[in-house]
1. Looking at Glu106 and the list (1) part of a strand (DSSP E or B); (2) out of contact with any strand residue (DSSP E or B) (no Cβ under 9 Å at 6 or more places or on another chain), which single condition is not satisfied?
2. Among the residues of the range 32-66, write down those that are farther than 18 Å from Ile135 by Cα and of a type in the set (S, T, N, Q).
3. What is the residue count in the range 171-195 for residues that are surrounded by 14 or more Cβ atoms within 10 Å (Cβ to Cβ) and closer than 18 Å to Glu106 by Cα?
4. Could you list, ordered by first residue, the pairs with Cβ atoms under 9 Å in which the first is in the range 143-154 and farther than 13 Å from Glu106 by Cβ and the second is open to solvent by less than 80 Å² (accessible area, probe 1.4 Å) and part of a helix (DSSP H, G or I), at least 6 apart or interchain?
5. Could you please find all residues in the range 141-155 being in contact with a Cys (Cβ under 8 Å, 6 or more places away or on another chain) and buried (at least 19 other Cβ atoms within 10 Å of the Cβ)?
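The values are calculated or read from the model by the stated rules, or taken from the named source; none is laboratory data. Here the structure is a predicted model, which is why all the values come from computation and not from measurement. Positions of Cβ are generated from backbone atoms using ideal geometry, with glycine treated the same way; all protein chains shown enter the neighbour counts. Ligands, DNA and RNA are excluded from the accessible area calculation, which covers all protein heavy atoms including side chains. Shrake-Rupley method; radii C 1.70, N 1.55, O 1.52, S 1.80 Å.
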Amino acid sequence: MIPSQYNITAIIEGYAKGYFLMSDDDGQGLGWYSSRQRTLIPLDDRFRYPKSLRRVLNQDRFETAISRDFLSVVEGCADRDTTWISDDLKEIYWELHQAGWAHSFETWQGDELAGGILGLTIGGSFVGESMFYRIPEGSKVAMVKLVEHLRSRQYLFFDAQMMNPHLERFGAYIVSNRDYRKLLKQALSMPCTFV
């Protein structure tokens, strides 16, 4: 049973204020977190990716889908040596998905899930929670196609929360918490729809 302070309304309010949920190191409890810096994936011409990935995209080896297998994407994102996605958080994501807030953006090869990105959408913001792949390049193709999708839906930003070398290769950049909150305030008033 999820603690009552983590009902859907409270969670969306938390994300709308710039916080995000993570489970504790032992996976037993949940907590709200913020950061002095946020990592954004550019939705403009600063977005880039390696030439080797361009070849993969041109080969059309993957097809994309939105939330075709949401639960498998959550499981894929949680399946690592150290995970902050506890059973409670999996349940929360499922409830957010059923309420229309959480989505998975997936790549498929035939009937096999190749990779995916888990995120929440609030107004014109897409808050990426995690990503994974089962087939090489599956999550990278998902990233490129998700950026294209967000552009086509006129989203203001794609929040990747924390920087890593993988995201840097896509042109990810860091903004201060203050600038992030300004962007978030602007995004909250936008009537974007993900699906």
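1. (2)
2. Ser34, Ser35, Gln37, Thr39
3. Final tally of qualifying residues: 1.
4. As it stands, the answer is Val144/Leu53; Val144/Leu57, since those pairs meet every condition given.
5. Selection gives Tyr155 alone.
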